[in-house]
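Below is one structure, written out as structure tokens; comments come after it.
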Ligand SMILES: NC(=O)c1ccc[n+]([C@@H]2O[C@H](COP(=O)([O-])OP(=O)(O)OC[C@H]3O[C@@H](n4cnc5c(N)ncnc54)[C@H](O)[C@@H]3O)[C@@H](O)[C@H]2O)c1
């Protein structure tokens, strides 16, 4: 029987525009999905760059105004891969138009804006997901399986780092294409929303809610030339953020993210220590999971490095043959494949907008604590509303 199509309209054609388009191309080829994504339309403001992107990735059409894209009857799902300050407006309009919504992270500029997005998407009842893609790196998914099996026992510690070094130069301007991450208006925050948010999403998924935090942030370069005004302007983002806190399960959190760790380009590491076993993962070696099991016989006990490439391990039976690994791009392919399955059943795919709101609340508490220099409670998200109803007809 011929599979049904899911017509995608993507807004934005930068870094994430490429990872998502690649994911849409591959998902239904490697996974048995009930829906097949069709690259129906790409949207961006620069018609020339947009055309080059659309031609390269095989989009059928282009739009230079996202509002027009959302009005189109031939689009089923809107994928938002624009800077953070445009997520809310586009997502809310798309939900109101009855489109499914896939939104890049962080969900919003802050928790209050995120709440509005959750309200609107749940009112519209449309399937949704937020692209915290690291959940779908097979080694990280395997970590979730191992933790859920209870092998670790009582959890004592969860620590995570996300380290980069690309903003150390004081000559680097802020704002505009490519540098919007340094402009608080466009980004909402600095490393907290950009990098820590990834660590927080994975942590909430693996180890449950964070209840309170004590944080510090630093802005090392206080003024930078703004690309759009040509003037020196105050830098309002956090260049580095560090926090500790408590998880609801009683374990302790220790997190750090920075763009000033010379030598590190995108080093995301996490470690979780339980009474019986520990797990460690590192983005630079993303196909491996480090596992220590205290119940191993003493003479062979030690950290083992699991090469996650076997058919028994998450997602891997759909790829090559045991022993051959996959990489970063495939985490997006996995999210597309999982979304296609959920959407066909009228469901949202975790992390949903509501799940991503919890991450937003932790980010808010981190930024607030850094200002007040006090412990701050993380706002509770509350229960999800009934699942989205609108399946793909
Ligand atoms: N999941 C991840 O690991 C990951 C990684 C990088 C970025 N992101 C997120 O993805 C989003 C985009 O980041 P990026 O690195 O692709 O940025 P980018 O700067 O490479 O691309 C942004 C794109 O949005 C377009 N754009 C901006 N405003 C627009 C508007 N009003 N209408 C239409 N197009 C508009 C730009 O022209 C560009 O094509 C951000 O929210 C970012 O936080 C997520």
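The values are calculated or read from the model by the stated rules, or taken from the named source; none is laboratory data. Worth saying up front: this structure is predicted, and the values here are computed from it rather than measured. Here Cβ is always computed from backbone atoms with ideal geometry, including for glycine, and neighbour counts include all displayed protein chains.
I'm trying to understand the selection: among the residues of segment 161-184, which are assigned to a loop (DSSP other than H, G, I, E, B), at pLDDT 95 or above and at negative phi? Write out each step before concluding.
Initially, segment 161-184 is screened for residues assigned to a loop (DSSP other than H, G, I, E, B), giving 164-173, 175-179, 183.
Now restrict to residues that are at pLDDT 95 or above: 164-173, 175, 179, 183.
Selection gives 164, 165, 166, 167, 168, 169, 170, 171, 172, 173, 179, 183.
I'm trying to understand the selection: among the residues of segment 46-68, which are within 9 Å of the ligand (Cβ to nearest atom) and part of a helix (DSSP H, G or I)?
Once the filter is applied, which keeps residues that are within 9 Å of the ligand (Cβ to nearest atom) and part of a helix (DSSP H, G or I), segment 46-68 yields 49, 50, 53, 66.
Quickly run through segment 112-129 and pick out the residues that are in a helix (DSSP H, G or I) and away from the ligand (no atom under 16 Å from the Cβ). Steps first, answer last, please.
Quick first cut of segment 112-129, residues in a helix (DSSP H, G or I) only: 112-124.
112, 115, 116, 118, 119, 120, 121, 122, 123, 124, listed by residue number.
Suppose we filter 284, 198 for residues that are closer than 21 Å to residue 132 by Cα, surrounded by fewer than 15 Cβ atoms within 10 Å (Cβ to Cβ) and outside the structural domain of residue 88 (by TED's automatic domain parsing); which single one remains? If you could, list the steps in order and put the result at the bottom.
Details: 198 fails: surrounded by fewer than 15 Cβ atoms within 10 Å (Cβ to Cβ).
None of the others qualify; the one that does is 284.
Going by what's in this entry, would residue 158 be described as at pLDDT 95 or above, under 23 Å from residue 248 (Cα atoms) and within 12 Å of the ligand (Cβ to nearest atom)? Lay out the reasoning, then the answer.
Numbers: at pLDDT 95 or above: yes; under 23 Å from residue 248 (Cα atoms): yes; within 12 Å of the ligand (Cβ to nearest atom): no.
It is false that residue 158 is at pLDDT 95 or above, under 23 Å from residue 248 (Cα atoms) and within 12 Å of the ligand (Cβ to nearest atom).
Given the residues 79, 85, which is the only one that is within 11 Å of the ligand (Cβ to nearest atom), touching a residue at least 24 places away in the same chain (Cβ under 8 Å) and assigned to a strand (DSSP E or B)?
Values: 85 fails: assigned to a strand (DSSP E or B).
Exactly one residue qualifies, and that residue is 79.
When you scan segment 23-45, do you find a residue that is without any contact (Cβ under 8 Å) to a residue 60 or more places away in the chain, within 15 Å of the ligand (Cβ to nearest atom) and assigned to a helix (DSSP H, G or I), even just one?
Looking for residues that are without any contact (Cβ under 8 Å) to a residue 60 or more places away in the chain, within 15 Å of the ligand (Cβ to nearest atom) and assigned to a helix (DSSP H, G or I), one finds none in segment 23-45, hence no.
Do we have residue 132 as within 14 Å of the ligand (Cβ to nearest atom), in contact with a helix residue (DSSP H, G or I) (Cβ under 7 Å, 6 or more places away or on another chain) and touching a residue at least 24 places away in the same chain (Cβ under 8 Å) here? Steps first, please.
Values: within 14 Å of the ligand (Cβ to nearest atom): yes; in contact with a helix residue (DSSP H, G or I) (Cβ under 7 Å, 6 or more places away or on another chain): yes; touching a residue at least 24 places away in the same chain (Cβ under 8 Å): yes.
Yes: the conditions hold for residue 132.
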